[in-house]
Amino acid sequence: MGRQRHEAQVPSAVLSDGTTAQVIVSPYVSGFELVVGETPQSHVDLADPTHLHFEYIARMGAVIDVFREKRAPISAVHLGGGALTVPRYIAATRPGSRQQVIELEQPLWDLVRENLPLARDAQVRVRIGDARAGLSRLPASMTSDVDLVVSDVYSGARTPAHLTSVEFYREAAALLRADGVLLVNVADAPGLAFARGQLATIQSVLPHVAVLAEAQVLKGRRFGNLVMAASATELPTEWLPRLLAAGPHPAQLLAGADARTFYRGSAIVTDADAVASPAPSKSLFDR
């Protein structure tokens, strides 16, 4: 009975597909995790929003640290809300930043807002709706005026197909300033066929690309997350050693000719042939 009472106290919400989302105390480090179904979606440390526990989020944070002058405020659009780990990080490290988040699930946002409240000075607006449809509902003044677009959308453990196509990336890229950056979280299985297709697709829209991942993931030896950065203008070469040094380690980065080799021969993904990202094995998130 004691265990049942404890479990009943875990904050939770039922999403539109019947999946349960929960906010739990992290079993590994300080802070909390948002778990959707059996998949850990976000980690948040309310006492220290600069604490980025998930490796791929830490790699995103490394890019965010260097792509503009330190602590300079930016404008950002986040596709996929989760527990708002990255918006919290930007608010803490770049005070005065203006951010918009598009999150599909109202019950999930209600759960996060109640149990993992944002800092009072965080200028973050959350809009409810599909990430791609929500792009067209943003103020027209944001077109070509955003510093950063982050695409990190999952339905369960998979990115929906309609958020993987060249048509989608064109819509997202239309928000960016000439030197703005698109950051995309891509999860893939050994072999990395999906990730190679995603990089080829992104590069067809924003020609300058780089990929960051744990070394064994980038070599296609195990399932994992790859962070793809892209811009219409050349990514500064001084970023590269700083991104590698930022970790987590062991880290590997592909840019320039190495990135082109990575996606060579992969077809550009269109709405007509897009598929969801591969599902991880059920054991991947075993505690």
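Conditions: (1) among the aromatic types (Phe, Trp, Tyr); (2) under 16 Å from the mean Cα position of the chain (by Cα); (3) at pLDDT below 95. Residue 89 meets all but one. Number of the miss? Going through the list (1) among the aromatic types (Phe, Trp, Tyr); (2) under 16 Å from the mean Cα position of the chain (by Cα); (3) at pLDDT below 95, residue 89 breaks only (3).
Residues that are of a type in the set (Ser, Thr, Tyr) and either crowded, with 24+ Cβ neighbours inside 10 Å or in contact with a Pro (Cβ under 7 Å, 6 or more places away or on another chain) (or both) within the range 54-90 comprise 85, 89, listed in sequence order. Just wondering, is there one or more residues in the range 178-193 that are within 23 Å of residue 65 (Cβ to Cβ) and either modelled with pLDDT under 95 or among the acidic types (Asp, Glu) (or both)? Scanning the range 178-193 turns up at least one residue that is within 23 Å of residue 65 (Cβ to Cβ) and either modelled with pLDDT under 95 or among the acidic types (Asp, Glu) (or both).
Of all residue pairs spaced 6 or more apart or on separate chains, those with beta-carbon atoms under 9 Å, a first member in the range 31-55 that is at positive phi and a second member that is assigned to a strand (DSSP E or B) are 31/25; 31/43; 31/44; 37/20; 37/21. For residue 170, the criteria (1) of a type outside the set (A, V, I, L, M); (2) within 22 Å of residue 56 (Cα to Cα); (3) more than 17 Å from the chain's Cα centre (by Cα) hold in every case but one, which is (2).
The condition (being within 13 Å of the chain's Cα centre (by Cα) and more than 18 Å from residue 48 (Cα to Cα)) is satisfied by just one residue among 146, 101: 101. Of all the numbered requirements in (1) touching a helix residue (DSSP H, G or I) at 6+ places or on another chain (Cβ under 8 Å); (2) within 17 Å of residue 246 (Cβ to Cβ), residue 70 misses one, and that requirement is (1). Residues in the range 142-157 that are farther than 15 Å from residue 201 by Cα and at pLDDT 95 or above: 142, 143, 144, 145, 146, 147, 148, 149, 150, 152, 153.
Of the numbered criteria (1) surrounded by fewer than 17 Cβ atoms within 10 Å (Cβ to Cβ); (2) within 18 Å of residue 183 (Cα to Cα), the one residue 24 fails is (2). Within 23 Å of residue 36 (Cβ to Cβ), buried (at least 23 other Cβ atoms within 10 Å of the Cβ), free of Cβ contacts under 8 Å to residues at least 60 places away in the same chain and of a type outside the set (A, V, I, L, M): does that describe residue 99? For residue 99, the condition - within 23 Å of residue 36 (Cβ to Cβ), buried (at least 23 other Cβ atoms within 10 Å of the Cβ), free of Cβ contacts under 8 Å to residues at least 60 places away in the same chain and of a type outside the set (A, V, I, L, M) - is met. Scoring residue 43 on the criteria (1) at pLDDT below 95; (2) buried (at least 19 other Cβ atoms within 10 Å of the Cβ); (3) not charged (D, E, K, R) leaves a single failure, condition (1).
Among the residues of the range 146-163, those identified as touching a strand residue (DSSP E or B) at 6+ places or on another chain (Cβ under 6 Å) and either within 20 Å of residue 181 (Cα to Cα) or crowded, with 23+ Cβ neighbours inside 10 Å (or both) are 146, 147, 148, 149, 150, 151, 152, 153. Highlighted here are the helices (runs of 4 or more DSSP H) found entirely within the range 152-244 that include at least 1 residues which are in contact with a helix residue (DSSP H, G or I) (Cβ under 6 Å, 6 or more places away or on another chain) and among the aliphatic types (A, V, I, L, M): 166-173, 193-205.
Scanning the range 173-198 for residues that are out of contact with any strand residue (DSSP E or B) (no Cβ under 8 Å at 6 or more places or on another chain) and within 16 Å of residue 267 (Cβ to Cβ) returns 191, 193, 196, 197.
The values are calculated or read from the model by the stated rules, or taken from the named source; none is laboratory data. Given the structure is predicted, the values throughout are model-derived calculations rather than measurements. All Cβ positions, glycine included, derive from the backbone under ideal geometry; neighbour counts span all protein chains shown.
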